[in-house]
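S.K.: The structure follows.
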Amino acid sequence: MSWEVPENYSEFGVKHGAKLKDSASVDKDVWTILSAVKSCKTPELCPWLDAHQKEFDHVAVLYAMSDKDLEPLRGSSPKLIFNKRGISHVKHLNTLLNACNDMLEDGGYLWCHSRTSSLKHQIILKSYPGPAGKVVYAFHYLWHRVMAKLVLTRWFYMTVTGGKNRSYSRVEILGRMCRAGFDIVDERFSHGEFFVLGRKAREPRRYKARNYGLLVKLHRIGYKGKTIGVYKLRTMYPYSEYLQPYMMEHEGLERGGKFSHDYRINYWGRKFRSGWIDELPMFINLLKGEMKLVGVRPLSRQYFGLYSPEMQQLHISVKPGILPPFYYEGASPETIEEVQESERRYIDEYHKAPLRTDWRYLRGILNNIIVKHKRSH
């Protein structure tokens, strides 16, 4: 017996996400379609769209499973592409999203939908009695979330399934849309389906590098402004790195300059961060000479852009470190301005006496971590 999804089902972060509240900021045809289909249950979408498609100019409603399904649109520049097929059934999703970007007119829209992995989790647990639900979900997670992503097993998964019924988190769906050059302008749940509307804003990032494993390599700004690959254990959902601008706009920063309500962090990521476990692979960067033990944190370009021009220059005048200077101080900084001041004090002292400063900071940081149980967040 399957569990019926509540009408008000949602997930953490959606409430603060992008919402189209009126027709003032969107094309009238697009608004008409959005207003109509958001009240439809998923099985009712296709019949409604098929019946009304002729009423709209330059709107493409597709049953797309690959970029080849876009061939009939070659030479046109639609203002909206709506994929009637849930994206969990698309074999090469990034390729399809990139192709939609290429096809759309400037400022055009792409609307996709899918059932999220979190909702699938709840449905499975509610549909089986007692421990059976956990066992079934464990196999579901291993097959659709692990084997579907790892390099050594992905080919087998794709051969068996043809890429159908894949399992994406809300974060990954949003991240893939941003990677493909879309700004998220609306996201919502309706009748157990996650709908997301993206506006074409830039060219897609077309490189094919994938990294879904436990060890990740993050692009960060290092000494003298050079981009370095910082190694960490994965604590976030795939494609989270593309959501930094979106998080900044809709969530903002909280204590210590971190993102408020950072829903990109997964369950195991919170466990890893609470015990500094995710930081251990950065010793690879230490051995490569790209980082040192104590120093300013290596920053993403998005976060680096929040620093003042003066602090940006100071920040790249020293090698980044594994242990940041604000763990040396008794009270953690509350704002990004306080984070910058903490780094400024460290850098000024470091330029005067590098070894003595790092040794003093190291002793203070270890005391705060071991004795006072200060933790990473």
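The values are calculated or read from the model by the stated rules, or taken from the named source; none is laboratory data. The model shown is predicted, which means the values in this text are computed figures rather than measured ones. In this analysis, Cβ positions are derived from the backbone assuming ideal geometry, glycine residues included, and neighbour counts consider all displayed protein chains.
S.K.: Evaluate the range 359-371: report whether one residue or more is within 23 Å of Ile228 (Cα to Cα) and either of a type in the set (Asp, Glu) or within 31 Å of the chain's Cα centre (by Cα) (or both).
M.R.: No, the range 359-371 contains no residue that is within 23 Å of Ile228 (Cα to Cα) and either of a type in the set (Asp, Glu) or within 31 Å of the chain's Cα centre (by Cα) (or both).
S.K.: Given the criteria part of a loop (DSSP other than H, G, I, E, B), touching a strand residue (DSSP E or B) at 6+ places or on another chain (Cβ under 8 Å) and surrounded by fewer than 19 Cβ atoms within 10 Å (Cβ to Cβ), does Asp106 qualify?
M.R.: Considered against the rule, which asks whether it is part of a loop (DSSP other than H, G, I, E, B), touching a strand residue (DSSP E or B) at 6+ places or on another chain (Cβ under 8 Å) and surrounded by fewer than 19 Cβ atoms within 10 Å (Cβ to Cβ), Asp106 comes out as yes.
S.K.: Looking only at helices (runs of 4 or more DSSP H) that lie completely in the range 109-196, which have at least 1 residues being among the charged types (D, E, K, R) and either crowded, with 19+ Cβ neighbours inside 10 Å or in contact with a His (Cβ under 8 Å, 6 or more places away or on another chain) (or both)? Break it down into steps so the answer makes sense when it comes.
M.R.: Numbers: elements: 117-127, 132-141, 151-161, 170-179.
Once the helices (runs of 4 or more DSSP H) in the range 109-196 are filtered for at least 1 residues that are among the charged types (D, E, K, R) and either crowded, with 19+ Cβ neighbours inside 10 Å or in contact with a His (Cβ under 8 Å, 6 or more places away or on another chain) (or both), what remains is 117-127, 170-179.
A quick yes/no check of all residues on (1) more than 19 Å from the chain's Cα centre (by Cα); (2) acidic (Asp, Glu):
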{"residue": "Asp183", "(1), (2)": "no, yes"}
{"residue": "Arg199", "(1), (2)": "no, no"}
{"residue": "Arg220", "(1), (2)": "no, no"}
{"residue": "Tyr223", "(1), (2)": "yes, no"}
{"residue": "Thr227", "(1), (2)": "yes, no"}
{"residue": "Tyr237", "(1), (2)": "no, no"}
{"residue": "Met247", "(1), (2)": "no, no"}
{"residue": "Lys271", "(1), (2)": "no, no"}
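S.K.: Could you tell me which numbered condition Gln313 fails, if it satisfies all but one of (1) buried (at least 17 other Cβ atoms within 10 Å of the Cβ); (2) of a type outside the set (A, V, I, L, M); (3) at pLDDT 95 or above?
M.R.: Tallying (1) buried (at least 17 other Cβ atoms within 10 Å of the Cβ); (2) of a type outside the set (A, V, I, L, M); (3) at pLDDT 95 or above, Gln313 fails exactly one: (1).
S.K.: Please determine whether any residue of the range 269-277 is more than 30 Å from Arg145 (Cβ to Cβ), assigned to a loop (DSSP other than H, G, I, E, B) and at pLDDT below 95. It would help to see each step written out before you state the result.
M.R.: We begin by selecting, within the range 269-277, every residue more than 30 Å from Arg145 (Cβ to Cβ); these are none.
For the range 269-277, residues more than 30 Å from Arg145 (Cβ to Cβ), assigned to a loop (DSSP other than H, G, I, E, B) and at pLDDT below 95: absent.
S.K.: Taking only the range 285-341 into account, find how many residues are not in a loop (DSSP other than H, G, I, E, B) and not aliphatic (A, V, I, L, M).
M.R.: Kept after step one, since they are not in a loop (DSSP other than H, G, I, E, B), are these residues of the range 285-341: 285-287, 292-294, 299, 301-304, 309-315, 321-323, 325-327, 336-341.
Narrowing further to those that are not aliphatic (A, V, I, L, M): 285, 292, 301-304, 309-310, 312-313, 315, 321, 325-327, 337-338, 340-341.
Total meeting the criteria: 19.
S.K.: Collect the residues in the range 326-349 that are more than 27 Å from the chain's Cα centre (by Cα) and without any contact (Cβ under 8 Å) to a residue 40 or more places away in the chain, keeping them in residue-number order.
M.R.: Glu329, Gly330, Ala331, Glu341, Ser342, Arg344, Arg345, Asp348, Glu349, listed by residue number.
Yes/no per residue for (1) hydrophobic (A, V, I, L, M, F, W, C); (2) at pLDDT 90 or above; (3) assigned to a helix (DSSP H, G or I):
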{"position": "Gly198", "(1), (2), (3)": "no, yes, no"}
{"position": "Pro204", "(1), (2), (3)": "no, yes, no"}
{"position": "Tyr207", "(1), (2), (3)": "no, no, no"}
{"position": "Arg220", "(1), (2), (3)": "no, yes, no"}
{"position": "Met248", "(1), (2), (3)": "yes, no, yes"}
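S.K.: Scan (1) part of a helix (DSSP H, G or I); (2) more than 18 Å from Asn285 (Cβ to Cβ) for the single condition Asp358 breaks and write down its number.
M.R.: So the condition that Asp358 fails would be (2).
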